[in-house]
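Before I ask anything, let me first share the structure, which is written out below as C-alpha cells.
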Amino acid sequence: MCGIVGYLGKKSAVPLILDSLRTLEYRGYDSAGIAFLDDDNLFHIYKAAGKLVNLESVLPDSTPLKSGSHIGIGHIRWATHGAANEINAHPHHGGHQEIALVHNGIIENYFEIKQELEAKGRNFISDTDTECIAQLLEQLTSEMPSDTPEQFRVVIQATLNKLVGAYALSIINKKFPNHLFAIRNHAPLVIGKGENEYLVASDAVAIISHTQELLFLKDKEIAEITPEGIRLTRLDGTPIEAVLEHVELGPLQIDKKGFKHFMLKEIYEQPDVVRNSLSGRLVSAERPIRLLPGEPKDSLKKQTLDTILKYMDRIVIVGCGTSFNAGLVGKYFIEEMVSVPVEVESAGEYRYRKPIISDKTLIVAISQSGETADTLEAVRRAAKLGGKILTITNREDSSLARESDIVLPVRAGVEISVCATKSFTAQIIVFYLLGLAMAEMRQTASESQIKELKTGLLKTPALIEAALSNPEPVQAVAKQYGNAANVLFIARGINFPVALEGALKLKEISYIHAEGYSGSELKHGPIAMLDESIPVISVLVPGVVFEKMISNCQEAKARDAQMIGITSAVIDSQKAESTFDDLLQIPESLELLSPLIATVPLQLLAYYMAEYLGKDVDQPRNLAKSVTVE
Ligand code: AGP
C-alpha cells in the first residue's frame with residue numbers, strides 16, 4: 001500500500017529509483033512521483049496520475065535524469081486521502097520546494113494539523129494527509145534552528161512527535177544534499193548498504209539486486225543516512241546501533257513466462273508450488289511430518305514448535321481476505337484431525353476486541369505478504385496478552401515473520417498478481433501439514449487416516465495439473481456468464497471457504513458483484529434474490545455434505561437460477577441435467593483435501609471472466625497487494 005524508495009550514492013539516482021519503484025508497483029498504482037536534487041543542487045519534482053509508465057513518459061530526457069543526480073526519493077501511491085490525481089501524488093513538499101518527502105501510511109490527525117498550519121498562513125495544495133507532514137516540517141524549520149543536519153534532525157523529531165498514525169517516510173532537504181532520512185512507524189521500511197551507496201525501500205525486493213546488507217527499521221526509529229554511514233536514533237533522539245543483516249533473497253523475477261498475465265502464470269505454477277511447499281516436510285506417507293526441516297533437533301525454535309504442537313488447547317487464526325479464507329480451511333482440517341477448538345478471526349476486527357488468551361492459546365497469523373497492517377496489529381495485541389505466535393507467510397523477511405515465535409514459510413515464490421492464487425494453495429498446504437503434525441504428536445487421528453491424507457497430499461500436484469490441463473470448459477462458462485451482474489458461490493463443509501474464495505476472486509478482478517455462501521444459508525435469505533439472471537456456482541464433492549449440496553442446488557434451480565456445478569462426483573446424467581445447466585468436472589481427491597483441487601476452476605473462471613470483460617487482471621482498480629494501512 002504505497003511504495004517508497006530513496007537513494008543516496010554515486011550512481012545516477014533517477015533511473016535507479018524508477019527501477020526500484022517498478023518492483024513495488026504491486027503496492028499501488030494510483031499515481032507515481034519522484035523528487036531529486038541535481039548536481040547544481042536544484043530541486044526537481046515530477047508526478048503523474050496512474051501507473052509508473054505515466055511518470056516515465058512525463059520525465060524529460062535531460063542530463064540530471066540520466067547522470068547528474070545522486071540523491072532522490074520516489075513513490076507509487078495507493079490513494080487513501082484525496083483522489084488519485086497528479087496533485088495528490090507524492091513526493092510532497094511544504095510549498096517552497098526545499099524539503100520533499102514520500103510517505104506510506106495514514107496520518108490520523110492530519111485535519112487538526114492542517115487547520116493549525118492554515119491558521120499560520122500556510123497554503124495546502126493537495127487533499128492528502130501526507131502534505132500536512134511536509135508543511136509541518138517546513139513550518140518547524142522556520143520556527144526552530146535548522147541550519148545543520150543535526151538541527152534538521154531535531155526538527156524531524158519535533159514533526160513526528162505531533163503525528164498520530166502510521167508512517168514510513170523518506171525525506172530529502174535541499175540544504176543537505178548528502179543526507180537522506182528514513183523513518184518507520186507501523187509501516188515497513190528497509191535500508192540497504194551497497195558499495196558507496198544507500199537505498200531505502202518499503203520492501204527488500206526493491207533493492208535486493210543492489211545489496212544484500214539490509215537494516216530493517218523498527219517502529220519509531222529515525223535513520224540519517226550520509227556517505228559516511230547510517231546514524232540511527234529513536235524518536236526521542238536516543239542513539240541505537242545500526243545493525244545490518246545479510247539477507248539472501250532472490251531478485252524479483254518479473255517474467256510472465258509466456259502467459260498473458262501474472263495471474264494466469266501463477267495459477268499454472270500451483271503444482272510446483274505444492275511440491276515446493278511439501279518438500280522436506282512431507283517426504284513419504286510413512287515418515288512423520290517435519291515442519292521445520294533443516295532445523296537442529298535441540299534448537300529453541302524446535303522446542304517452541306514442539307510445545308505448540310503438543311500442548312496448545314485453543315487456536316485463533318487471524319488474517320484478511322484470501323488469507324482469512326485459507327485460515328477457514330485450516331480450521332475445518334485442524335478441528336477434524338486434532339479436536340482442538342479453532343477460531344478464525346478477521347484481523348481488522350480482532351485487533352480492536354478484547355481477546356481472550358491464555359498461555360495455552362496459539363495465535364496463527366496468516367498472511368501472504370507478512371505486512372498486512374491489521375494482521376500485524378492483531379498479533380502484537382495477542383502477543384502482549386501472552387499468546388504464542390505462529391506465522392504462516394510467503395515472506396520470511398516480513399515484519400510479521402520478525403515478530404513471531406515460529407514462522408512456517410509457505411514457499412509459493414513471489415506472487416505479483418494482486419489477486420492471490422498460488423499463495424492461497426500454499427497456505428492451505430501448510431495448514432494441512434500443521435494439522436497432521438499436531439495429530440501425529442497427540443495421536444488424535446488413526447495411523448491409517450494420517451497415512452491416507454499424506455498419500456493424498458503427495459498426489460495433489462498431479463491432480464492440480466489435471467485440473468489445469470483442460471481450461472476450455474471453464475473458458476466457455478466464463479464467456480456464457482461474463483455479463484452477469486451478480487454471481488453466487490455455494491459450497492458446504494471444508495469447501496465452504498472455497499465458495500468465499502471463488503466470490504472474492506471474481507469481485508476483485510472482474511468487478512462483478514459476487515458472494516459466497518454455505519449452501520445451507522441460501523434459504524435463510526439469499527434465495528430471495530434468485531431468478532434466471534443469477535448464476536449460482538456450486539462446489540460439491542463426494543463426502544459428508546454431498547447429498548445436502550445436491551438438495552441446495554435443486555432448491556436454487558427451482559428458482560430459475562443458472563446452475564453451474566463444479567464436482568469430482570460422477571452424477572447420474574438425469575439428475576445432473578435436472579439440476580445443472582453446466583457441469584465442470586474436477587479430478588477426485590480425498591474430501592478433506594478437495595479445496596486444493598476445487599479452487600483451481602474458480603481461479604480460472606474469475607480470470608477468464610475478467611479477461612473476457614477486458615479488465616486489468618494483474619492490477620485491478622482500487623486494490624494493492626500489500627495492505628499496510630488499516
Ligand atoms: C487476495 O486476492 C487479495 N488481494 C487480498 O484479499 C489479500 O488476501 C489480503 O489483503 C491479505 O493479504 P496478506 O495475505 O498479504 O495478508
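If residue 416 meets every condition in (1) modelled with pLDDT under 95; (2) open to solvent by less than 10 Å² (accessible area, probe 1.4 Å); (3) hydrophobic (A, V, I, L, M, F, W, C) apart from one, which number is that one?
Result: residue 416 passes all but (2).
Yes or no, residue by residue, for (1) of a type in the set (Val, Ile, Thr); (2) away from the ligand (no atom under 15 Å from the Cβ); (3) open to solvent by less than 40 Å² (accessible area, probe 1.4 Å):
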{"residue": "261", "(1), (2), (3)": "no, no, yes"}
{"residue": "267", "(1), (2), (3)": "yes, no, yes"}
{"residue": "276", "(1), (2), (3)": "no, yes, no"}
{"residue": "314", "(1), (2), (3)": "no, yes, no"}
{"residue": "317", "(1), (2), (3)": "yes, no, yes"}
{"residue": "323", "(1), (2), (3)": "no, no, yes"}
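Can you name every residue in the range 178-216 that is surrounded by 23 or more Cβ atoms within 10 Å (Cβ to Cβ) and within 15 Å of residue 153 (Cβ to Cβ)?
180, 181, 182, 183
In this structure, is residue 478 closer than 21 Å to residue 292 by Cα and either at pLDDT 95 or above or more than 13 Å from the ligand (Cβ to nearest atom) (or both)?
No.
Among the residues of the range 384-440, write down those that are part of a helix (DSSP H, G or I), small (Gly, Ala, Ser) and farther than 18 Å from residue 274 by Cβ.
Residues satisfying the conditions are 399, 401, 439.
Another question, if that's okay. Considering only residues that are open to solvent by less than 10 Å² (accessible area, probe 1.4 Å) and under 19 Å from residue 200 (Cα atoms), which ones fall in the range 135-159?
153, 156
State yes or no: is residue 499 touching a Lys or Arg at 6+ places or on another chain (Cβ under 9 Å), in a helix (DSSP H, G or I) and open to solvent by less than 10 Å² (accessible area, probe 1.4 Å)?
Yes, satisfied.
On to the next question. Is it fair to say residue 381 is buried (at least 24 other Cβ atoms within 10 Å of the Cβ) and assigned by TED's automatic domain parsing to the domain that holds residue 271?
No: the conditions fail for residue 381.
Since residue 438 meets every condition but one in (1) modelled with pLDDT of 95 or more; (2) touching a Ser or Thr at 6+ places or on another chain (Cβ under 9 Å); (3) within 16 Å of the ligand (Cβ to nearest atom), which condition does it not meet?
For residue 438, the failing item is (3).
Given 89, 79, 48, which one is open to solvent by 10 Å² or more (accessible area, probe 1.4 Å) and of a type in the set (Gly, Ala, Ser)?
79
Continuing with the same structure: Would you tally the residues in the range 76-98 being assigned to a strand (DSSP E or B) and in contact with a Ser or Thr (Cβ under 6 Å, 6 or more places away or on another chain)?
Looking only at that region, the number is 2.
Can you tell me which of (1) open to solvent by 20 Å² or more (accessible area, probe 1.4 Å); (2) in a helix (DSSP H, G or I); (3) within 13 Å of the ligand (Cβ to nearest atom) is the one residue 371 doesn't meet?
(2)
Okay, next question. Quick check on residue 405: is it open to solvent by 20 Å² or more (accessible area, probe 1.4 Å) and touching a Cys at 6+ places or on another chain (Cβ under 7 Å)?
no
Listed residues 349, 336; which is among the acidic types (Asp, Glu) and touching a residue at least 40 places away in the same chain (Cβ under 8 Å)?
Every option except 336 fails the conditions.
Listed residues 533, 538; which is open to solvent by less than 10 Å² (accessible area, probe 1.4 Å) and in the same structural domain as residue 485 (by TED's automatic domain parsing)?
538
The values are calculated or read from the model by the stated rules, or taken from the named source; none is laboratory data. The shown structure was predicted, so the numbers you read here are calculated from the model rather than taken from an experiment. Every residue, glycine among them, receives a Cβ derived from its backbone with ideal geometry; neighbour counts consider all protein chains shown. Each accessible area value is taken on the protein alone, full model and side chains, heavy atoms only, with ligands, DNA and RNA left out. Shrake-Rupley method; radii C 1.70, N 1.55, O 1.52, S 1.80 Å.
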